[in-house]
1. Is region 157-179 home to any residue that is in a loop (DSSP other than H, G, I, E, B) and buried (at least 17 other Cβ atoms within 10 Å of the Cβ)?
2. Those residues that are under 14 Å from the mean Cα position of the chain (by Cα) and either of a type in the set (Phe, Trp, Tyr) or within 15 Å of ALA88 (Cα to Cα) (or both), I need them from region 105-120; list them, please.
3. With the condition kept exactly as written, say whether any residue in region 82-93 is part of a loop (DSSP other than H, G, I, E, B) and touching a helix residue (DSSP H, G or I) at 6+ places or on another chain (Cβ under 6 Å).
4. Tell me which residues, restricted to region 126-143, are in contact with a strand residue (DSSP E or B) (Cβ under 9 Å, 6 or more places away or on another chain) and either buried (at least 24 other Cβ atoms within 10 Å of the Cβ) or part of a helix (DSSP H, G or I) (or both).
5. Among the residues of region 70-117, which ones are in contact with a strand residue (DSSP E or B) (Cβ under 8 Å, 6 or more places away or on another chain), hydroxyl-bearing (Ser, Thr, Tyr) and over 29 Å from ALA191 (Cα atoms)?
6. Would you call GLY89 at pLDDT below 85 and either under 24 Å from LEU175 (Cα atoms) or exposed (fewer than 15 other Cβ atoms within 10 Å of the Cβ) (or both)?
7. Tell me yes or no: at least one residue of region 177-195 is out of contact with any Asp or Glu (no Cβ under 8 Å at 6 or more places or on another chain), at pLDDT 85 or above and of a type in the set (Gly, Ala, Ser).
8. Please verify whether region 164-180 includes one or more residues that are within 12 Å of VAL30 (Cβ to Cβ) and touching a residue at least 60 places away in the same chain (Cβ under 8 Å).
Amino acid sequence: MPRDPLSHMPHRPRRTCVVAGEFALATGRVHELCGPARQGLALAVAGQLSGAAGASLIWITRTGEQAALCGAGISQWVDPGRMLLVQAGRTDEVLWCMEEALRSGASPLVVAELGAPPGMVPVRRLHLAAGVPEGTAPLGLILTPGEGGAPGVESRWHAAPAHGPGLTRWHLQRLRARMAPPAAWHLTLSAPRAAPALSPLPALEQSA
């Protein structure tokens, strides 16, 4: 039987969470979202997974983080009652909580906000944990500032605001992916809880 060289576990076909067009994330793996709009990008993913039968979505932060989520702010993406917010004191505790949540398979999505990209060993452990549950494997997202840079992630995406009058929009870049080249788009939300739309950037912005 073919084996996954990263996890050393029997390979199972992976499902994909399609957020919008080519913005698609393999489940059972860990992906990195970075940039100033990384929280909004993670909420866009959460909006596509919030319909999983009876499951809560788990969001983990460090205690005392300034940019904490609030119900009114996330309601345009998901039902706040479906979000389970967890706080941990240190970065290693955040990663431990994420690992245990992924391994349990209790939630289709586990998000962890970090102050800096984690190293290879923590990322490898998260991949292993995400691949353990039988049935529908969970999706793991680590949120990091700047350009990110966590080694070994399945993919890395950068998001920055590109809003206009009456327009909720982000500049989305795929910086790294195992099976796809770098690319850039506009990601637009037309209405609360609507599926976001992906459109190619104009040539001028693409080359900027």
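1. Yes; the residues of region 157-179 include at least one that is in a loop (DSSP other than H, G, I, E, B) and buried (at least 17 other Cβ atoms within 10 Å of the Cβ).
2. VAL110, VAL111, ALA112, GLU113, LEU114
3. Among the residues of region 82-93, not one is part of a loop (DSSP other than H, G, I, E, B) and touching a helix residue (DSSP H, G or I) at 6+ places or on another chain (Cβ under 6 Å), which makes the answer no.
4. Correct list: LEU126, HIS127, ALA129, ALA130, PRO138, LEU139, GLY140, ILE142.
5. THR91
6. Working: at pLDDT below 85: no; either under 24 Å from LEU175 (Cα atoms) or exposed (fewer than 15 other Cβ atoms within 10 Å of the Cβ) (or both): yes.
No.
7. Among the residues of region 177-195, not one is out of contact with any Asp or Glu (no Cβ under 8 Å at 6 or more places or on another chain), at pLDDT 85 or above and of a type in the set (Gly, Ala, Ser), which makes the answer no.
8. Scanning region 164-180 turns up no residue that is within 12 Å of VAL30 (Cβ to Cβ) and touching a residue at least 60 places away in the same chain (Cβ under 8 Å).
The values are calculated or read from the model by the stated rules, or taken from the named source; none is laboratory data. Predicted, not measured: the structure shown is a model, and the values here were computed from it. Quick reminder, even Gly has a Cβ in these numbers, built from the backbone with ideal geometry, and neighbours come from all protein chains shown.
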